[in-house]
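The structure appears below as structure tokens.
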Amino acid sequence: MKEINRDEFSQVELCTGTIIEVSNFPEARKAAWKLHIDFETGIGTDKSNARLTDRSSKEDLLGRQNIAMLNLPTKQIAPFSQNACSPGFCKKTSPCFWQLLIK
């Protein structure tokens, strides 16, 4: 794992937004949802994806709060351009859990 310094870490822009749309992502190699997240004041709506189809339905995600990194380069995943990165977290002994969802 590449170590970053505190200055690099302080440049990561984390913002909270509301998931306003969830749709299927059949083009993804790993099962995922497409998310549209409203970050409101001065930021607007951005897109992300979430590989948690086995844990959460579209209905479960709609209206939830999500924390995402917004100042990373756009990532192209099949035909979907992701502007917001919603982080997932993994343990060596279990699958990833998702994305800092808050009620």
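Return yes or no: is Phe9 surrounded by fewer than 17 Cβ atoms within 10 Å (Cβ to Cβ) and modelled with pLDDT under 85? Please lay out each step first, then the result.
Working: surrounded by fewer than 17 Cβ atoms within 10 Å (Cβ to Cβ): yes; modelled with pLDDT under 85: no.
The answer is no for Phe9.
So if I check each of Val22, Val12, which one is in a loop (DSSP other than H, G, I, E, B), farther than 11 Å from Ser86 by Cβ and touching a strand residue (DSSP E or B) at 6+ places or on another chain (Cβ under 6 Å)?
After ruling out the rest, the residue left standing is Val12.
Pick from the stretch 34-64 the residues that are at pLDDT 90 or above and of a type in the set (Val, Ile, Thr): which of them is surrounded by the fewest Cβ atoms within 10 Å (Cβ to Cβ)?
Checking each candidate, the answer is Thr45.
Take Ile67 and tell me if it is surrounded by 13 or more Cβ atoms within 10 Å (Cβ to Cβ) and either in contact with a Ser or Thr (Cβ under 9 Å, 6 or more places away or on another chain) or modelled with pLDDT of 90 or more (or both). Lay out the reasoning, then the answer.
Details: surrounded by 13 or more Cβ atoms within 10 Å (Cβ to Cβ): yes; either in contact with a Ser or Thr (Cβ under 9 Å, 6 or more places away or on another chain) or modelled with pLDDT of 90 or more (or both): yes.
Yes: the conditions hold for Ile67.
Exactly one condition in (1) in contact (Cβ under 8 Å) with a residue 12 or more places away in the chain; (2) assigned to a loop (DSSP other than H, G, I, E, B); (3) farther than 14 Å from Pro87 by Cα is false for His36; which is it?
Unmet for His36, out of (1) in contact (Cβ under 8 Å) with a residue 12 or more places away in the chain; (2) assigned to a loop (DSSP other than H, G, I, E, B); (3) farther than 14 Å from Pro87 by Cα: (2).
The values are calculated or read from the model by the stated rules, or taken from the named source; none is laboratory data. Fair warning: this is a prediction, and the values are worked out from it, not measured in the lab. In this analysis, Cβ positions are derived from the backbone assuming ideal geometry, glycine residues included, and neighbour counts consider all displayed protein chains.
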